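One structure below.
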Amino acid sequence: MGTWDYGIFWKEAINQFKNELSEQEFAMWFNMDYETSGELSIIVSVPSAFYRDQVKQRYQNRIEAKLFDLSGQHISIDFEVKQRTRAEPQAKAEAVERAVPSETAQSGKHSSAPKAPSPVVTERANHPQLRKDYVFENFVIGENNKFAANAAIAIAKNPGTAYNPCLIYGGVGLGKTHLMQAIGNMAWKEKGCKIIYVTAESFTNEFVESIKNNMTKAFKDKYRTADILLIDDIHFLQKKNETQEELFHTFNALYDANKQIIFTCDRPVSELKNLSERLRSRFERGLNVDLQPPSYETRCAILSKKVESRGVSLPPEVINLIAKNISSNVRDLEASLTKLIAYAELTQREVTLETAQQQLRDSFGAPKQNNVTIETIQKVVAEYFSLSFNDLKGKKRTKAISFPRQLAMYIAREITEYSTTELGMEFGGRDHTTVMHGCQSIEQRLKAEPSLESTIQKLTKMVKDYNS
Ligand code: ADP
Ligand code: MG
(Lines give C-alpha, C1' and ligand atoms only; values in the text may rest on other atoms or scores of the structure.)
(Ligands and ions follow the chains in the order given, each with its own letter.)
Protein backbone atom coordinates (compact mmCIF):
# COMPACT_ATOMS: atom_id res chain seq x y z
CA MET A 1 0.00 0.00 0.00
CA GLY A 2 1.03 3.61 -0.31
CA THR A 3 2.72 5.70 2.25
CA TRP A 4 -0.36 6.59 4.17
CA ASP A 5 -0.87 5.38 7.66
CA TYR A 6 -3.61 6.92 9.70
CA GLY A 7 -3.67 4.05 12.17
CA ILE A 8 -2.60 6.27 15.01
CA PHE A 9 -5.55 8.64 14.45
CA TRP A 10 -7.90 5.71 14.28
CA LYS A 11 -6.60 4.39 17.53
CA GLU A 12 -6.96 7.69 19.29
CA ALA A 13 -10.44 8.22 17.84
CA ILE A 14 -11.49 4.84 19.21
CA ASN A 15 -10.03 5.64 22.59
CA GLN A 16 -12.01 8.82 22.73
CA PHE A 17 -15.26 7.13 21.73
CA LYS A 18 -14.66 4.61 24.44
CA ASN A 19 -14.72 7.43 26.95
CA GLU A 20 -17.57 9.33 25.39
CA LEU A 21 -20.03 6.49 24.92
CA SER A 22 -21.58 4.22 27.46
CA GLU A 23 -19.82 0.93 27.88
CA GLN A 24 -22.78 -0.83 26.38
CA GLU A 25 -22.97 1.35 23.32
CA PHE A 26 -19.28 1.09 22.74
CA ALA A 27 -19.20 -2.68 23.14
CA MET A 28 -22.10 -3.02 20.81
CA TRP A 29 -21.05 -0.87 17.89
CA PHE A 30 -17.33 -0.43 17.96
CA ASN A 31 -16.54 -3.95 16.97
CA MET A 32 -14.36 -2.70 14.09
CA ASP A 33 -10.78 -3.47 13.27
CA TYR A 34 -8.40 -1.11 11.57
CA GLU A 35 -7.18 -2.72 8.35
CA THR A 36 -5.23 -0.26 6.27
CA SER A 37 -4.96 3.34 5.07
CA GLY A 38 -5.17 4.84 1.60
CA GLU A 39 -4.94 8.43 0.52
CA LEU A 40 -7.17 10.30 2.96
CA SER A 41 -9.02 7.14 3.82
CA ILE A 42 -9.04 4.35 6.32
CA ILE A 43 -10.43 0.89 5.79
CA VAL A 44 -11.83 -0.89 8.79
CA SER A 45 -13.33 -4.34 8.91
CA VAL A 46 -16.65 -5.24 10.50
CA PRO A 47 -18.14 -8.67 11.10
CA SER A 48 -21.18 -8.54 8.83
CA ALA A 49 -23.06 -6.55 6.22
CA PHE A 50 -25.88 -5.86 8.62
CA TYR A 51 -23.42 -4.51 11.10
CA ARG A 52 -21.72 -2.39 8.43
CA ASP A 53 -25.00 -0.76 7.43
CA GLN A 54 -25.89 0.01 11.01
CA VAL A 55 -22.50 1.45 11.86
CA LYS A 56 -22.41 3.54 8.71
CA GLN A 57 -25.73 5.05 9.47
CA ARG A 58 -25.04 5.66 13.13
CA TYR A 59 -21.40 6.56 13.36
CA GLN A 60 -19.71 7.23 10.05
CA ASN A 61 -20.15 11.00 10.25
CA ARG A 62 -19.15 11.11 13.86
CA ILE A 63 -16.04 9.07 13.30
CA GLU A 64 -15.00 11.13 10.33
CA ALA A 65 -15.54 14.36 12.25
CA LYS A 66 -13.39 13.03 15.04
CA LEU A 67 -10.65 12.01 12.64
CA PHE A 68 -10.72 15.52 11.27
CA ASP A 69 -10.38 16.97 14.77
CA LEU A 70 -7.44 14.74 15.46
CA SER A 71 -5.57 14.97 12.17
CA GLY A 72 -6.74 18.20 10.60
CA GLN A 73 -7.39 16.23 7.42
CA HIS A 74 -10.59 14.99 5.86
CA ILE A 75 -10.05 11.28 6.25
CA SER A 76 -12.95 9.12 5.16
CA ILE A 77 -13.87 5.68 6.42
CA ASP A 78 -14.62 2.63 4.35
CA PHE A 79 -16.05 -0.50 5.82
CA GLU A 80 -15.12 -3.93 4.68
CA VAL A 81 -17.02 -7.02 5.78
CA LYS A 82 -14.79 -9.71 7.10
CA GLN A 83 -16.07 -12.87 8.70
CA ARG A 84 -13.90 -13.37 11.72
CA THR A 85 -12.59 -16.73 12.63
CA ARG A 86 -11.18 -17.70 15.93
CA ALA A 87 -7.86 -18.43 14.23
CA GLU A 88 -7.32 -14.89 13.16
CA PRO A 89 -4.96 -12.93 15.34
CA GLN A 90 -6.63 -9.93 16.85
CA ALA A 91 -3.54 -7.77 17.08
CA LYS A 92 -5.20 -4.93 15.28
CA ALA A 93 -8.06 -4.91 17.65
CA GLU A 94 -6.15 -3.75 20.70
CA ALA A 95 -8.30 -0.71 20.97
CA VAL A 96 -11.42 -2.77 20.71
CA GLU A 97 -10.60 -5.31 23.31
CA ARG A 98 -13.90 -6.96 23.46
CA ALA A 99 -13.28 -8.73 20.20
CA VAL A 100 -12.91 -12.49 20.15
CA PRO A 101 -10.72 -13.56 23.05
CA SER A 102 -7.35 -15.00 22.19
CA GLU A 103 -7.63 -17.86 24.64
CA THR A 104 -9.23 -20.04 22.01
CA ALA A 105 -7.10 -18.76 19.17
CA GLN A 106 -5.83 -22.20 18.30
CA SER A 107 -9.08 -23.77 17.35
CA GLY A 108 -8.68 -22.76 13.74
CA LYS A 109 -10.06 -26.00 12.48
CA HIS A 110 -13.53 -24.58 12.76
CA SER A 111 -12.74 -21.73 10.49
CA SER A 112 -16.10 -20.28 9.83
CA ALA A 113 -16.64 -20.30 6.15
CA PRO A 114 -19.98 -18.60 6.22
CA LYS A 115 -22.68 -21.10 5.56
CA ALA A 116 -24.47 -20.45 2.34
CA PRO A 117 -27.78 -19.04 3.40
CA SER A 118 -30.30 -21.78 3.10
CA PRO A 119 -32.43 -21.43 0.01
CA VAL A 120 -35.26 -19.05 0.62
CA VAL A 121 -37.41 -20.85 3.11
CA THR A 122 -40.98 -20.39 2.15
CA GLU A 123 -43.06 -19.99 5.30
CA ARG A 124 -41.57 -22.48 7.66
CA ALA A 125 -43.88 -23.98 10.21
CA ASN A 126 -43.68 -22.56 13.70
CA HIS A 127 -40.84 -23.76 15.84
CA PRO A 128 -42.10 -26.31 18.33
CA GLN A 129 -40.35 -24.80 21.36
CA LEU A 130 -40.90 -21.12 20.65
CA ARG A 131 -44.02 -19.08 21.24
CA LYS A 132 -45.17 -17.79 17.91
CA ASP A 133 -46.23 -14.42 19.29
CA TYR A 134 -42.77 -13.77 20.72
CA VAL A 135 -41.53 -12.03 17.60
CA PHE A 136 -39.90 -8.68 16.98
CA GLU A 137 -43.06 -7.31 15.37
CA ASN A 138 -44.80 -7.63 18.74
CA PHE A 139 -41.98 -6.15 20.74
CA VAL A 140 -42.30 -2.44 21.45
CA ILE A 141 -38.95 -0.69 21.49
CA GLY A 142 -38.45 2.16 23.94
CA GLU A 143 -35.54 3.85 25.64
CA ASN A 144 -35.54 1.11 28.26
CA ASN A 145 -34.84 -1.74 25.87
CA LYS A 146 -33.48 -0.35 22.63
CA PHE A 147 -29.95 -1.61 23.11
CA ALA A 148 -31.11 -5.07 23.90
CA ALA A 149 -33.62 -5.05 21.06
CA ASN A 150 -31.07 -3.79 18.52
CA ALA A 151 -28.54 -6.34 19.63
CA ALA A 152 -31.18 -9.05 19.40
CA ILE A 153 -32.05 -8.09 15.83
CA ALA A 154 -28.38 -7.98 14.89
CA ILE A 155 -27.89 -11.46 16.31
CA ALA A 156 -30.92 -12.87 14.54
CA LYS A 157 -29.55 -11.56 11.24
CA ASN A 158 -25.99 -12.70 11.85
CA PRO A 159 -25.88 -15.43 14.45
CA GLY A 160 -22.49 -16.49 15.74
CA THR A 161 -20.61 -13.41 14.57
CA ALA A 162 -20.64 -10.09 16.32
CA TYR A 163 -22.29 -10.62 19.67
CA ASN A 164 -21.44 -14.06 20.86
CA PRO A 165 -22.36 -14.97 23.50
CA CYS A 166 -25.08 -12.54 24.43
CA LEU A 167 -26.59 -12.19 27.85
CA ILE A 168 -29.86 -10.34 28.30
CA TYR A 169 -30.58 -9.48 31.90
CA GLY A 170 -33.24 -7.60 33.81
CA GLY A 171 -36.07 -7.99 36.30
CA VAL A 172 -39.10 -10.20 36.03
CA GLY A 173 -41.57 -9.49 33.25
CA LEU A 174 -39.43 -7.04 31.32
CA GLY A 175 -39.30 -9.05 28.10
CA LYS A 176 -36.19 -11.23 28.36
CA THR A 177 -37.92 -14.40 27.21
CA HIS A 178 -39.83 -12.56 24.52
CA LEU A 179 -36.67 -11.04 23.07
CA MET A 180 -34.72 -14.26 23.27
CA GLN A 181 -37.44 -16.20 21.50
CA ALA A 182 -37.82 -13.46 18.91
CA ILE A 183 -34.21 -14.09 17.92
CA GLY A 184 -34.98 -17.78 17.66
CA ASN A 185 -38.14 -17.24 15.65
CA MET A 186 -36.46 -14.93 13.19
CA ALA A 187 -33.36 -17.03 12.64
CA TRP A 188 -35.54 -20.11 12.31
CA LYS A 189 -37.86 -18.62 9.74
CA GLU A 190 -35.40 -16.58 7.75
CA LYS A 191 -32.23 -18.57 7.91
CA GLY A 192 -33.36 -22.07 8.71
CA CYS A 193 -31.03 -22.24 11.70
CA LYS A 194 -31.35 -25.08 14.15
CA ILE A 195 -32.66 -23.47 17.32
CA ILE A 196 -32.74 -25.04 20.75
CA TYR A 197 -34.60 -23.18 23.44
CA VAL A 198 -34.50 -24.40 27.01
CA THR A 199 -34.92 -22.92 30.45
CA ALA A 200 -31.99 -23.42 32.77
CA GLU A 201 -34.34 -25.39 34.95
CA SER A 202 -35.26 -27.86 32.20
CA PHE A 203 -31.65 -28.08 31.15
CA THR A 204 -30.80 -29.08 34.71
CA ASN A 205 -33.62 -31.60 35.00
CA GLU A 206 -32.80 -33.15 31.67
CA PHE A 207 -29.18 -33.43 32.60
CA VAL A 208 -30.00 -35.12 35.88
CA GLU A 209 -32.32 -37.54 34.08
CA SER A 210 -29.64 -38.33 31.53
CA ILE A 211 -27.22 -39.28 34.29
CA LYS A 212 -29.81 -41.48 35.88
CA ASN A 213 -30.51 -43.27 32.61
CA ASN A 214 -26.96 -43.47 31.38
CA MET A 215 -27.82 -41.19 28.52
CA THR A 216 -25.37 -38.37 29.01
CA LYS A 217 -23.92 -38.80 25.57
CA ALA A 218 -27.28 -38.27 23.93
CA PHE A 219 -27.77 -35.23 26.13
CA LYS A 220 -24.44 -33.74 25.11
CA ASP A 221 -25.01 -34.48 21.45
CA LYS A 222 -28.39 -32.87 21.46
CA TYR A 223 -27.16 -29.54 22.75
CA ARG A 224 -24.05 -29.49 20.64
CA THR A 225 -25.92 -29.64 17.37
CA ALA A 226 -27.61 -26.26 17.83
CA ASP A 227 -26.83 -23.32 15.58
CA ILE A 228 -28.37 -21.11 18.20
CA LEU A 229 -28.73 -22.22 21.79
CA LEU A 230 -31.10 -20.18 23.93
CA ILE A 231 -30.88 -20.77 27.67
CA ASP A 232 -33.43 -18.86 29.70
CA ASP A 233 -33.07 -17.79 33.34
CA ILE A 234 -29.55 -18.90 34.13
CA HIS A 235 -29.86 -17.59 37.69
CA PHE A 236 -31.48 -20.96 38.29
CA LEU A 237 -28.04 -22.56 37.95
CA GLN A 238 -26.76 -21.07 41.17
CA LYS A 239 -25.49 -23.93 43.35
CA LYS A 240 -26.11 -26.52 40.62
CA ASN A 241 -22.47 -27.41 40.29
CA GLU A 242 -22.61 -30.39 38.00
CA THR A 243 -25.01 -28.74 35.61
CA GLN A 244 -22.75 -25.71 35.55
CA GLU A 245 -19.88 -27.95 34.63
CA GLU A 246 -21.86 -29.52 31.83
CA LEU A 247 -22.99 -26.16 30.53
CA PHE A 248 -19.41 -24.96 30.56
CA HIS A 249 -18.43 -27.74 28.18
CA THR A 250 -21.48 -27.24 26.00
CA PHE A 251 -20.63 -23.57 25.84
CA ASN A 252 -17.07 -24.21 24.74
CA ALA A 253 -18.07 -26.71 22.07
CA LEU A 254 -20.61 -24.35 20.55
CA TYR A 255 -18.47 -21.27 20.89
CA ASP A 256 -15.51 -22.88 19.19
CA ALA A 257 -17.76 -23.86 16.33
CA ASN A 258 -18.96 -20.25 15.99
CA LYS A 259 -22.46 -21.14 17.07
CA GLN A 260 -24.54 -18.50 18.74
CA ILE A 261 -25.32 -18.75 22.44
CA ILE A 262 -27.80 -16.52 24.24
CA PHE A 263 -28.61 -16.44 27.92
CA THR A 264 -31.04 -14.54 30.05
CA CYS A 265 -30.71 -13.80 33.72
CA ASP A 266 -32.70 -11.83 36.28
CA ARG A 267 -29.67 -9.89 37.45
CA PRO A 268 -26.22 -8.91 36.23
CA VAL A 269 -23.82 -11.83 36.25
CA SER A 270 -21.70 -10.07 38.84
CA GLU A 271 -24.55 -10.51 41.30
CA LEU A 272 -24.92 -14.25 40.81
CA LYS A 273 -23.78 -16.30 43.73
CA ASN A 274 -22.52 -19.85 43.80
CA LEU A 275 -21.44 -19.90 40.23
CA SER A 276 -18.13 -21.31 39.09
CA GLU A 277 -15.69 -18.62 38.07
CA ARG A 278 -15.05 -20.12 34.68
CA LEU A 279 -18.71 -20.25 33.82
CA ARG A 280 -19.14 -16.70 35.05
CA SER A 281 -16.35 -15.58 32.77
CA ARG A 282 -18.09 -17.28 29.83
CA PHE A 283 -21.33 -15.45 30.58
CA GLU A 284 -19.52 -12.16 30.81
CA ARG A 285 -17.66 -12.66 27.58
CA GLY A 286 -19.38 -11.07 24.61
CA LEU A 287 -22.27 -8.71 24.95
CA ASN A 288 -24.23 -8.13 28.15
CA VAL A 289 -27.32 -5.98 27.70
CA ASP A 290 -29.96 -5.07 30.20
CA LEU A 291 -33.69 -4.43 30.06
CA GLN A 292 -34.99 -1.64 32.24
CA PRO A 293 -38.59 -1.04 33.26
CA PRO A 294 -40.47 0.85 30.54
CA SER A 295 -41.26 4.55 30.81
CA TYR A 296 -44.84 5.81 30.91
CA GLU A 297 -44.83 6.46 27.16
CA THR A 298 -43.51 3.03 26.37
CA ARG A 299 -46.05 1.46 28.71
CA CYS A 300 -48.83 3.22 26.78
CA ALA A 301 -47.35 2.02 23.50
CA ILE A 302 -47.12 -1.55 24.75
CA LEU A 303 -50.69 -1.52 25.99
CA SER A 304 -51.99 -0.10 22.72
CA LYS A 305 -50.16 -2.77 20.82
CA LYS A 306 -51.53 -5.55 23.01
CA VAL A 307 -55.05 -4.18 22.74
CA GLU A 308 -54.74 -4.09 19.00
CA SER A 309 -53.32 -7.58 18.71
CA ARG A 310 -56.19 -8.97 20.76
CA GLY A 311 -58.63 -7.38 18.42
CA VAL A 312 -60.44 -5.40 21.09
CA SER A 313 -60.68 -1.71 21.78
CA LEU A 314 -60.27 0.29 24.95
CA PRO A 315 -60.69 4.03 25.39
CA PRO A 316 -57.37 5.90 25.59
CA GLU A 317 -58.10 7.14 29.09
CA VAL A 318 -58.28 3.54 30.29
CA ILE A 319 -54.93 2.78 28.69
CA ASN A 320 -53.43 5.85 30.35
CA LEU A 321 -54.90 4.83 33.67
CA ILE A 322 -53.22 1.44 33.55
CA ALA A 323 -49.94 2.86 32.32
CA LYS A 324 -49.92 5.43 35.08
CA ASN A 325 -50.60 2.96 37.85
CA ILE A 326 -48.53 -0.01 36.86
CA SER A 327 -44.92 0.77 36.37
CA SER A 328 -43.13 -2.30 37.60
CA ASN A 329 -43.12 -4.50 34.54
CA VAL A 330 -44.81 -5.51 31.34
CA ARG A 331 -46.24 -8.74 32.66
CA ASP A 332 -48.28 -6.84 35.24
CA LEU A 333 -49.45 -4.43 32.56
CA GLU A 334 -50.68 -7.33 30.50
CA ALA A 335 -52.37 -8.95 33.46
CA SER A 336 -54.43 -5.81 34.06
CA LEU A 337 -55.39 -5.68 30.45
CA THR A 338 -56.46 -9.31 30.46
CA LYS A 339 -58.59 -8.71 33.51
CA LEU A 340 -60.39 -5.78 31.89
CA ILE A 341 -60.96 -7.59 28.64
CA ALA A 342 -62.35 -10.60 30.47
CA TYR A 343 -64.66 -8.33 32.41
CA ALA A 344 -65.89 -6.64 29.25
CA GLU A 345 -66.57 -9.98 27.61
CA LEU A 346 -68.37 -11.38 30.62
CA THR A 347 -70.61 -8.41 31.16
CA GLN A 348 -70.94 -7.55 27.48
CA ARG A 349 -70.21 -3.95 28.32
CA GLU A 350 -67.76 -1.33 27.17
CA VAL A 351 -64.97 -0.62 29.60
CA THR A 352 -65.19 2.93 30.92
CA LEU A 353 -62.74 4.78 33.08
CA GLU A 354 -64.95 4.12 36.12
CA THR A 355 -65.26 0.39 35.59
CA ALA A 356 -61.54 0.18 34.92
CA GLN A 357 -60.78 1.97 38.17
CA GLN A 358 -63.11 -0.33 40.02
CA GLN A 359 -61.88 -3.51 38.43
CA LEU A 360 -58.22 -2.74 38.82
CA ARG A 361 -58.28 -1.31 42.29
CA ASP A 362 -56.57 -4.39 43.69
CA SER A 363 -53.87 -4.52 41.06
CA PHE A 364 -53.05 -0.87 41.61
CA GLY A 365 -53.08 -1.51 45.33
CA ALA A 366 -51.59 1.70 46.68
CA PRO A 367 -48.28 0.69 48.19
CA LYS A 368 -49.10 0.34 51.84
CA GLN A 369 -45.91 1.78 53.17
CA ASN A 370 -46.88 1.38 56.79
CA ASN A 371 -46.97 -2.34 56.24
CA VAL A 372 -43.39 -2.46 55.12
CA THR A 373 -41.12 -3.02 58.04
CA ILE A 374 -37.41 -2.43 58.04
CA GLU A 375 -37.01 -6.03 59.03
CA THR A 376 -38.75 -7.15 55.83
CA ILE A 377 -36.40 -5.02 53.78
CA GLN A 378 -33.40 -6.41 55.61
CA LYS A 379 -34.59 -9.98 55.17
CA VAL A 380 -35.29 -9.61 51.47
CA VAL A 381 -32.00 -7.90 50.74
CA ALA A 382 -30.01 -10.35 52.87
CA GLU A 383 -31.60 -13.30 51.11
CA TYR A 384 -31.04 -11.82 47.68
CA PHE A 385 -27.33 -11.46 48.38
CA SER A 386 -27.10 -14.79 50.23
CA LEU A 387 -26.17 -13.11 53.49
CA SER A 388 -27.51 -13.80 56.93
CA PHE A 389 -30.01 -11.37 58.35
CA ASN A 390 -27.73 -10.77 61.32
CA ASP A 391 -24.74 -9.96 59.16
CA LEU A 392 -26.74 -7.45 57.19
CA LYS A 393 -27.86 -5.69 60.35
CA GLY A 394 -24.62 -6.18 62.19
CA LYS A 395 -21.27 -4.49 62.52
CA LYS A 396 -19.14 -6.21 59.93
CA ARG A 397 -17.85 -3.86 57.31
CA THR A 398 -16.55 -6.06 54.53
CA LYS A 399 -17.45 -4.98 51.04
CA ALA A 400 -19.60 -8.04 50.48
CA ILE A 401 -21.81 -6.89 53.34
CA SER A 402 -21.66 -3.13 53.26
CA PHE A 403 -23.00 -2.76 49.73
CA PRO A 404 -26.15 -4.82 50.39
CA ARG A 405 -26.53 -3.02 53.70
CA GLN A 406 -26.37 0.36 52.00
CA LEU A 407 -28.84 -0.86 49.43
CA ALA A 408 -31.23 -1.89 52.20
CA MET A 409 -30.86 1.54 53.79
CA TYR A 410 -31.51 3.21 50.49
CA ILE A 411 -34.65 1.18 49.83
CA ALA A 412 -35.86 1.83 53.35
CA ARG A 413 -35.43 5.55 52.79
CA GLU A 414 -37.32 5.33 49.52
CA ILE A 415 -40.34 3.35 50.59
CA THR A 416 -40.85 3.94 54.30
CA GLU A 417 -41.36 7.00 56.41
CA TYR A 418 -38.62 6.19 58.88
CA SER A 419 -36.08 8.90 59.63
CA THR A 420 -32.38 8.34 59.19
CA THR A 421 -32.04 8.26 62.97
CA GLU A 422 -34.63 5.52 63.29
CA LEU A 423 -33.05 3.62 60.45
CA GLY A 424 -29.65 3.91 62.08
CA MET A 425 -31.08 2.25 65.17
CA GLU A 426 -32.49 -0.59 63.12
CA PHE A 427 -29.20 -1.14 61.37
CA GLY A 428 -27.16 -2.20 64.36
CA GLY A 429 -27.38 1.07 66.30
CA ARG A 430 -25.59 3.21 63.76
CA ASP A 431 -25.50 6.93 63.61
CA HIS A 432 -27.90 8.73 61.25
CA THR A 433 -24.94 10.08 59.26
CA THR A 434 -23.97 6.52 58.41
CA VAL A 435 -27.40 6.00 56.90
CA MET A 436 -27.15 9.24 54.96
CA HIS A 437 -23.74 8.29 53.73
CA GLY A 438 -24.99 4.85 52.71
CA CYS A 439 -27.84 6.32 50.69
CA GLN A 440 -25.55 8.82 49.00
CA SER A 441 -23.11 6.16 48.04
CA ILE A 442 -25.93 4.18 46.36
CA GLU A 443 -27.01 7.34 44.54
CA GLN A 444 -23.48 7.77 43.26
CA ARG A 445 -23.34 4.19 42.09
CA LEU A 446 -26.67 4.55 40.35
CA LYS A 447 -25.19 7.24 38.15
CA ALA A 448 -22.33 5.04 37.07
CA GLU A 449 -24.26 1.78 36.93
CA PRO A 450 -27.74 2.18 35.53
CA SER A 451 -28.35 -1.53 35.91
CA LEU A 452 -28.48 -1.05 39.65
CA GLU A 453 -31.81 0.67 39.16
CA SER A 454 -33.48 -2.54 38.07
CA THR A 455 -31.97 -4.42 40.99
CA ILE A 456 -33.47 -1.83 43.31
CA GLN A 457 -36.84 -2.03 41.60
CA LYS A 458 -36.79 -5.77 41.82
CA LEU A 459 -35.90 -5.76 45.51
CA THR A 460 -38.53 -3.14 46.20
CA LYS A 461 -41.14 -5.29 44.55
CA MET A 462 -40.02 -8.31 46.54
CA VAL A 463 -40.31 -6.29 49.72
CA LYS A 464 -43.79 -5.11 48.84
CA ASP A 465 -44.88 -8.62 47.90
CA TYR A 466 -43.28 -10.13 50.97
CA ASN A 467 -46.40 -10.45 53.10
CA SER A 468 -48.92 -11.03 50.40
P1 ADP B 1 -39.20 -11.95 31.36
O2 ADP B 1 -38.72 -13.15 30.62
O3 ADP B 1 -38.21 -10.83 31.37
O4 ADP B 1 -39.69 -12.25 32.73
P5 ADP B 1 -41.26 -11.96 29.35
O6 ADP B 1 -40.41 -12.00 28.13
O7 ADP B 1 -41.91 -13.20 29.77
O8 ADP B 1 -40.43 -11.35 30.57
O9 ADP B 1 -42.33 -10.80 29.16
C10 ADP B 1 -43.52 -10.71 29.93
C11 ADP B 1 -44.66 -10.30 29.04
O12 ADP B 1 -44.48 -8.96 28.66
C13 ADP B 1 -44.72 -11.10 27.77
O14 ADP B 1 -46.06 -11.38 27.46
C15 ADP B 1 -44.11 -10.19 26.73
O16 ADP B 1 -44.70 -10.40 25.45
C17 ADP B 1 -44.47 -8.84 27.24
N18 ADP B 1 -43.47 -7.81 26.90
C19 ADP B 1 -42.34 -7.51 27.55
N20 ADP B 1 -41.69 -6.49 26.99
C21 ADP B 1 -42.44 -6.12 25.92
C22 ADP B 1 -42.30 -5.12 24.92
N23 ADP B 1 -41.27 -4.28 24.91
N24 ADP B 1 -43.26 -5.03 23.98
C25 ADP B 1 -44.31 -5.86 24.00
N26 ADP B 1 -44.50 -6.82 24.91
C27 ADP B 1 -43.58 -6.96 25.87
MG1 MG C 1 -38.61 -15.12 31.24
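In table form, for the structure just shown:
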item	result
Filtered residues of region 155-172 (kept if within 13 Å of ligand 2 (Cβ to nearest atom) and crowded, with 19+ Cβ neighbours inside 10 Å)	Ile168, Tyr169, Gly170, Gly171
Residue that is nearest to Ser328 (Cα to Cα) [pool: residues in region 141-158 that are of a type outside the set (A, V, I, L, M, F, W, C) and touching a residue at least 40 places away in the same chain (Cβ under 8 Å)]	Asn144
Tally, over region 272-321, of residues that are within 16 Å of ligand 1 (Cβ to nearest atom) and outside any loop (DSSP other than H, G, I, E, B)	18
Any chance Lys461 is within 30 Å of His235 (Cα to Cα), surrounded by fewer than 20 Cβ atoms within 10 Å (Cβ to Cβ) and in contact with a Gly (Cβ under 8 Å, 6 or more places away or on another chain)	yes
Qualifying residue in region 180-194 (condition: outside the structural domain of Ala335 (by TED's automatic domain parsing), open to solvent by 10 Å² or more (accessible area, probe 1.4 Å), within 27 Å of Leu452 (Cβ to Cβ) and away from ligand 2 (no atom under 16 Å from the Cβ))	no
Tabulated pairs, region 204-220, first under 23 Å from Phe236 (Cα atoms), second acidic (Asp, Glu) and surrounded by 14 or more Cβ atoms within 10 Å (Cβ to Cβ), C-beta under 7 angstrom, 6+ apart or interchain	Phe207/Glu246; Phe219/Glu206
Residue tally, condition of a type outside the set (Val, Ile, Thr), farther than 16 Å from Ser304 by Cβ and part of a helix (DSSP H, G or I), over region 331-358	13
Filtered residue count, region 399-421, keeping only those that are over 16 Å from Leu452 (Cα atoms), touching a helix residue (DSSP H, G or I) at 6+ places or on another chain (Cβ under 9 Å) and without any contact (Cβ under 8 Å) to a residue 24 or more places away in the chain	4
Filtered residues of region 253-276 (kept if free of Cβ contacts under 8 Å to residues at least 40 places away in the same chain and either more than 12 Å from Gln238 (Cα to Cα) or open to solvent by less than 30 Å² (accessible area, probe 1.4 Å) (or both))	Ala253, Leu254, Ser270, Leu272, Leu275
Considering residues of region 316-335 that are in contact (Cβ under 8 Å) with a residue 60 or more places away in the chain and among the polar types (S, T, N, Q) only, the residue least open to solvent (accessible area, probe 1.4 Å)	Asn329
Tally of residues being within 16 Å of ligand 2 (Cβ to nearest atom) and either among the polar types (S, T, N, Q) or in contact with a Lys or Arg (Cβ under 8 Å, 6 or more places away or on another chain) (or both) across region 291-329	4
Search result, residues across region 278-290 that are more than 16 Å from ligand 2 (Cβ to nearest atom) and either of a type outside the set (D, E, K, R) or outside the structural domain of Phe251 (by TED's automatic domain parsing) (or both)	Leu279, Ser281, Phe283, Gly286, Leu287, Asn288
Residue match in region 45-52 (condition: part of a helix (DSSP H, G or I), out of contact with any Leu (no Cβ under 6 Å at 6 or more places or on another chain), modelled with pLDDT of 85 or more and open to solvent by 50 Å² or more (accessible area, probe 1.4 Å))	yes
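Rundown of residues vs (1) modelled with pLDDT of 90 or more; (2) open to solvent by less than 20 Å² (accessible area, probe 1.4 Å); (3) hydrophobic (A, V, I, L, M, F, W, C), yes/no style:
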position	(1), (2), (3)
Ile411	yes, yes, yes
Ser419	no, no, no
Ile442	yes, yes, yes
Ala448	no, no, yes
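Yes/no matrix, rows are residues, columns are (1) open to solvent by 40 Å² or more (accessible area, probe 1.4 Å); (2) acidic (Asp, Glu); (3) not in a loop (DSSP other than H, G, I, E, B):
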site	(1), (2), (3)
Ala125	yes, no, no
Leu130	no, no, no
Glu137	yes, yes, yes
Val140	no, no, no
Asn144	no, no, no
Ala148	no, no, yes
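The values are calculated or read from the model by the stated rules, or taken from the named source; none is laboratory data. None of these values were measured; they are calculated from a predicted model. Glycine gets a Cβ as well: all are built from the backbone with ideal geometry, and neighbour counts include every protein chain shown. The accessibility values were calculated without ligands, DNA or RNA, using every heavy atom of the protein model including side chains. Shrake-Rupley method; radii C 1.70, N 1.55, O 1.52, S 1.80 Å.
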